[in-house]
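Read-outs throughout are calculated quantities, based only on the coordinates presented, and are distinct from any laboratory measurement. Nothing here was measured: the structure is a model prediction, and the numbers come from that model. Note that we place each Cβ from the backbone using ideal geometry, even for glycine, and neighbour counts take in every protein chain shown.
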Amino acid sequence: RSMRQVRSKFRATFRRRPPTRRTVMRWVHRFNTENTVQTRLRVLEERSPQQNKRHAVLAAFALNPRLSVRQVARQLGISKSFVWRVIRQQMYPFKPQVLFELQPDDYERRKQFCVDELGRISTNRNHLPFLLFTDEAIFHLDGHVNKQNTRCWSETNPHWIIEEAVQSPKVVVWCGLWREGVVGPFFFEGTVTGESYLRMLEQDVLPELEASHMQREVCIFQQDGAPPHYATTVRDWLDRTFPGNWMGRGSPTMPWPPRSPDLTICDFFVWGFVKAQVYAVRVRTMTELKERILSAFDAITDNMREAAFRDYEQRLHKCLQVRGGHVD
């Protein structure tokens, strides 16, 4: 059956809002691999108030690892002892490092992007609400968190903290995040190429976008300058699908500045939050790894997304203040 038929049948049978496309896909995957749709992780249960507070603490530090315990407690209206308990259980201090050294031409490109982007935000009220950030990250089965060389509190950082065994099984995860929700995640079992990336856009991303509240006509699709994203076939598809409305390397209207992970929500928030959730306990199988990834994305709340987009706008201003230098 098609996804549309499944969701329509669910609505007609149970007289309630159907599950999301991602939830249905997770049920199908679990049934095919384990002959059951029951989850060991109880991810379908409603979170308690304590769990909601815990996620709020994690999100606050994910967005700004330099916050103090006192600042987070005051910001969220909870006790300092509760914040301390959360970070001692799951968070780790780290010393941040710059991921990419900026080249001489990068500073001007980053400044120009920030000026243009802030202009789009101020003149088009639909720009931020329909801006879809996308990215890929590698998750290793033997991934774990480095607790050494400490400076700031954070659960993890997608490129700085997770130590992964090079030979361990891995999966590449793609996700998209906009202010109203998450697109994906989708899994690549092998190396991402221009061909496999385009196939995912056509077969997975676009159908999920069309099934959501996101309207393709106003969607602004963002991607970085990774080689698969720059393939001619991919850029041609983006030109046809999001004419004048895609942001990335080679975009005719919204070129993305190189070496700028500090300006994309997936890098400065999503992957750090998701990897911390996934590797909080030892992961033993690839099936469990994928389940934990799906569960981590389900844990991203409306408030977290709103805060991430506020931080994005603030980072644009900060980038201009440091004359195109790194924000972090």
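Structure data summary
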read-out	value
Cα-based reach from residue 318 at 16 Å (exclusive), listing aspartates and glutamates while leaving out same-chain residues under 8 positions away	106, 108, 116, 117, 262, 328
Amide H contacts under 5 Å for residue 249, placed H, 5+ residues apart	225, 256
Under Karplus coefficients 6.51, -1.76 and 1.60, residue-wise ³J(HN,Hα) of segment 281-291 in Hz, glycine/proline x	10, 5, 9, 10, 10, 5, 4, 5, 4, 5, 4
Aspartates and glutamates whose Cα lies under 15 Å from that of residue 290, excluding same-chain neighbours fewer than 8 positions away	34, 136, 142, 189, 298
Charge tally in the Cβ shell below 15 Å around residue 229, where Lys, Arg are +1 and Asp, Glu are -1, residue 229 excluded	-4
Rounded to whole Hz, the Karplus (6.51, -1.76, 1.60) HN-Hα couplings of segment 214-219, x for glycine and proline	6, 8, 4, 5, 10, 5
